[in-house]
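Enquirer: Structure incoming, see below.
The values are calculated or read from the model by the stated rules, or taken from the named source; none is laboratory data. The structure presented is a predicted model; accordingly, all values stated were derived computationally and were not measured. Reconstructed Cβ throughout: ideal geometry from the backbone, glycine too, with neighbour counts over all protein chains shown. Please note that ligands, DNA and RNA were not included when accessible areas were found on the heavy atoms of the full protein model with its side chains. Shrake-Rupley method; radii C 1.70, N 1.55, O 1.52, S 1.80 Å.
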Amino acid sequence: MGKFYNIQEEDLKELTIDTRSIVQSYKDNTKVEQKYGKGLGNLNITTEKKGNIYTFEADMNFNKDIKLLEESFPLVALCFNSGKSFYQNLNVKDEVHHEFKNNHWGLFFINNDQKGEGVYRKNAPVNFLSYNFLPDFFTQLVNLYPEMLESSYKRFQKGESFTLTDETKPINNEISYVLAQLQHAHLMGNSSAMYTEAKIIELLALQFDFVSQKSLKKTESSLKTNSDYHKIHEARHILLSDIGNPPSIKELSLQVGINEDKLKKGFKEVFGTTVFGYLYQHKMYLAKQYLLDSSLLINEIALLCGYDYVSHFSTAFKRFWGCTPGEMRG
């Protein structure tokens, strides 16, 4: 984090953050400290870009109750608050403010050029972190994970701005672990952008899993306890930990301590696809990132994605993306 800079109280009664200018200032793998507005307290903003993910972090502490205007344009944002609670409104025209509690997170879909606002209390420090991506990348993710994202995408295409859930949800240990991994993404070197994108997809899956759990409680579900849900996520972690030599359904069920039928049904309920359908999607997304973001040879990428033979890899890739690896790379 850069140093705080002091804002003189007499300069402005309201502060404005223009996210369009923020995005335009991004450079790959470079942290940039930004200074916005004047007046009413201390504000420090740090931005960073890795691949398709734009990171925005703001530390703020004001000496009066204020409203912070936020001029925005279409993007999707995974947001986290580790400071005091504040109130947020995606569109000032709606005049509806939602509480963003301490140690909570949420998924926000922001559409069109519009003005939202945050309401901050005097001497109540806020640490706000968001991972943002633009509509083009959202479209790519929808093509990869339609079961998870399509309904939100349809609302987004209609021009709606909305939150995935009415209230933000607590940051649990699982979320904290992923956030810690994101903080150390730079250690991945040339793969840091791809690693960051993979972790964002993991956070999206956890956010949508929360929604699906609430929905499934209203219908008959094969997963009856929180332990069942934890085991499904553990199965997913094991599945992706060695994509070149994944366990069988039987082996996976034994490793997480759940029967095969519950594993298969539960995986479909949580992630919207089969166990090996999910693995296939993951491999194809990983392959695309290697092709576009690295100079690795296609046979090297095939091996990294769990394929011993380039021909098998090329067939699977074309079936998923509609073109060969060579055509994708151009």
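Enquirer: Given a 1.4 angstrom probe, I'd like the percentage of the accessible area of region 88-190 that is carbon and sulfur, rounded to a whole number.
Expert: Details: 2480 of 5450 Å².
Carbon plus sulfur share of accessible area: 46 percent.
Enquirer: Now, a different point. With a 10 Å radius around each residue's Cβ, average the other Cβ atoms per peptide and rank 229-242, 316-329, highest first. Before the final figure, lay out each step's value.
Expert: Values: 229-242: 17.2, 316-329: 15.4.
Peptide ranking by packing, descending: 229-242, 316-329.
Enquirer: Report relative contact order for region 240-325 in percent, whole number only (criteria: Cα-Cα under 8 Å, sequence separation at least 6).
Expert: Details: 58 pairs, mean separation 20.6, N = 86.
Taking the mean separation of contacting Cα pairs over the length of region 240-325, I get 24 percent.
Enquirer: So, one more: Carbon and sulfur: what percent of region 285-330's accessible surface (1.4 Å probe)? Mind showing how you got there, number by number?
Expert: On the way: 1410 of 2570 Å².
Solvent-exposed carbon and sulfur of region 285-330 make up 55 percent of the total.
Enquirer: With a probe of 1.4 Å, find how much accessible area region 36-171 has per residue, and write the answer as a whole number in Å².
Expert: Computed with neighbouring chains in place, this is 42 Å² per residue.
Enquirer: Further question on the same structure: Calculate the FRET efficiency for Val119 and Ile238 from the Cβ-Cβ distance with a Förster distance of 45 Å, rounded to the nearest 0.05.
Expert: Values: r = 44 Å, r/R0 = 0.97.
The value I calculate is 0.55.
Enquirer: Then there is this: Could you order the peptides 141-153, 66-78 from most to least packed, using the average number of other C-beta atoms within 10 Å per residue? Could the numbers behind the result be given before it?
Expert: Details: 141-153: 17.5, 66-78: 19.4.
Descending mean neighbour count gives 66-78, 141-153.
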